[in-house]
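Everything on this sheet refers to the single structure shown next.
The values are calculated or read from the model by the stated rules, or taken from the named source; none is laboratory data. The structure displayed is predicted, hence computed values, not measured ones. Heads up, the Cβs are rebuilt from the backbone with ideal geometry, glycines too, and the neighbour counts pull from every protein chain shown.
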Amino acid sequence: MRIAILTGEYPPLEGGVGDFTRALALELQRQGHELHILTGQHGAPAVADEDGVHVHRCITGWGIACHNQIVRQVAAIRPDVLNIQYQPAIYEMKGAIHLLPRWQKRNIQAPIVTTFHDLRVPYLFPKAGQLREWSVQQLAANSQGVILTNDEDYVQLTHMLGNESPAPKVRLIPIGSNIAPAPPPGYEPAAWRADQKFSPEDFLIGYFGFLNRSKGVETLLEATAALVQEGIPAQLLFIGGRTGSSDPTNRAYAAEIDARIEALGLSARVRRTGFATPPEVSAALLACDVCALPYRDGVSLRRGTLHAALAHGKAIVTTEPQVPSRQLRNGENLLMVPPEATPEFAEALRRLWREPDLRARLGQQAARLAAGFSWNRIAAHTAEFFRQLCRQPEPSAS
C-alpha cells in the first residue's frame, strides 16, 4: 500500500506523537509499504527521504488554509489511505484539522483514518464551550476509520458518538515504546551510575517524559521528600527533555516544578539528563531501581512513557486507571495507587526500596507485558485495518 500519514509533529520536533509516527512509519516501510509523511515546515528540508520514508514538510500552519495544502499533497501522492495522527497540541490547539474529513471528503480520494492519541479537546477560541467536544466528535464521525490506543478512550468515544450515522469503523491498537532497550555499546548499569555520581546504595527513582500538569510530578516530589526525611537514600532522576515542542504552556509548569523542588529541599537529590538520544535514555532507564509515573488522570496504555518503562523491565509505581485495564494488574506487573495520593505513592516506593525481590518480579512481568506491544505487531495490525478500509486483499505469501 501507499500510505500517507498527516501529523503536526515529527522529528526533529521533540514529542511523543512525532516519535510514535516515525516508529510506525519505519516499521510499515520495513513491511513493504510506501510511506509518505505530511507535516509542518520546521527548518528541515521540504522534501526528504529519511530511512526510506518520504517526508513532506509542506504545511505552513494549522489554520483553515492547511486544507488546501493537504488536498494538493494528497492529490500528488495518490495514497491508498490517509492516516491523521491526532492530538490537539500538535495542531497548535486549532480546529481546522477536525473538519478536514467532513469538508474535504470529495477532494481526498482515499479513506481517511484518524488515530486518536487522546480525546482532549482543542482550545478553538474563548468560550467555545461545547464546540470543543463537537469538533473532536466531527473528526471521528467523518473519518472512515478510527484507531484508539486504550480502553478508556474507546469507552469515551463510543459515548461521544452516540447514534452518529454513519459510524466509523473503530479499531483498538495499543501503542508501543518509542525507546528500545538498547543502550550505547559497552554499557554497564553500575558503571553508568558511578559515572553519574550515584552511589551503589542510592535508591534511584526514574521519571521519564516531558513535564506537564497531567503527569502529577508534585506527587512524586512530595513522596520523595517523605522518603528522604525517613533516611532512605532516595535520588530522583528526570530523564529526557523538560518540555516538548508542541505545547509551550508546559514551560510555566516546569518552572513551578523547579520552585517546588527547592521548597522541599530536594535540589541536591534531583538530577536531570536533559534532552538525550534514545540510547542515552535507555541507559538511564536501565540504571534506575524503579520508574515513577504519577499520572493525575491515571495510568493508560496511551502513554509512551509507560511503554518505555515496561520495555526496559522496570518496577513501576503509577496511578490507578480511569477504566479498569485487562493488561495492567496491580501487584503483578506494576504497583498502582490513587492519583494525587502522596502517602500511598510514598508507601509504594518505600515497599520497593525494602523488597528488592518484588522489584525484580515486577520488572520481569513488565518486560513480559511489553513484548505484546512490539512495533512489528502494531504496524501489522494497522496495515490490516487500512487494507479492510481500502478493500485491498492480503499480500500473498512469498
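Considering only residues that are under 19 Å from I239 (Cβ atoms) and of a type in the set (V, I, T), which ones fall in segment 18-47?
Within segment 18-47, no residue meets the criteria.
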Please verify whether segment 308-322 includes one or more residues that are surrounded by fewer than 24 Cβ atoms within 10 Å (Cβ to Cβ), in the same structural domain as F208 (by TED's automatic domain parsing) and farther than 22 Å from L358 by Cβ.
yes
Among (1) out of contact with any Leu (no Cβ under 7 Å at 6 or more places or on another chain); (2) under 29 Å from I179 (Cβ atoms); (3) not basic (K, R), the one test that Q69 misses:
(2)
Take the conditions more than 16 Å from E280 (Cβ to Cβ) and either surrounded by 21 or more Cβ atoms within 10 Å (Cβ to Cβ) or touching a residue at least 60 places away in the same chain (Cβ under 8 Å) (or both) and apply them to L211. Does it pass?
yes
Residue within segment 386-393 that is surrounded by 19 or more Cβ atoms within 10 Å (Cβ to Cβ), assigned by TED's automatic domain parsing to the domain that holds R22, under 30 Å from P168 (Cβ atoms) and at pLDDT 95 or above present:
yes
If we take segment 299-398, then helices (runs of 4 or more DSSP H) inside it with 3 or more residues that are under 27 Å from I147 (Cβ atoms) are 304-311, 356-370, 375-390
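Looking at P79, P101, P111 in this structure, which one is in contact (Cβ under 8 Å) with a residue 40 or more places away in the chain, of a type outside the set (A, V, I, L, M, F, W, C) and touching a Lys or Arg at 6+ places or on another chain (Cβ under 6 Å)?
P79
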Just need a number here: residues in segment 294-308 that are closer than 17 Å to A223 by Cβ and among the hydrophobic types (A, V, I, L, M, F, W, C).
1
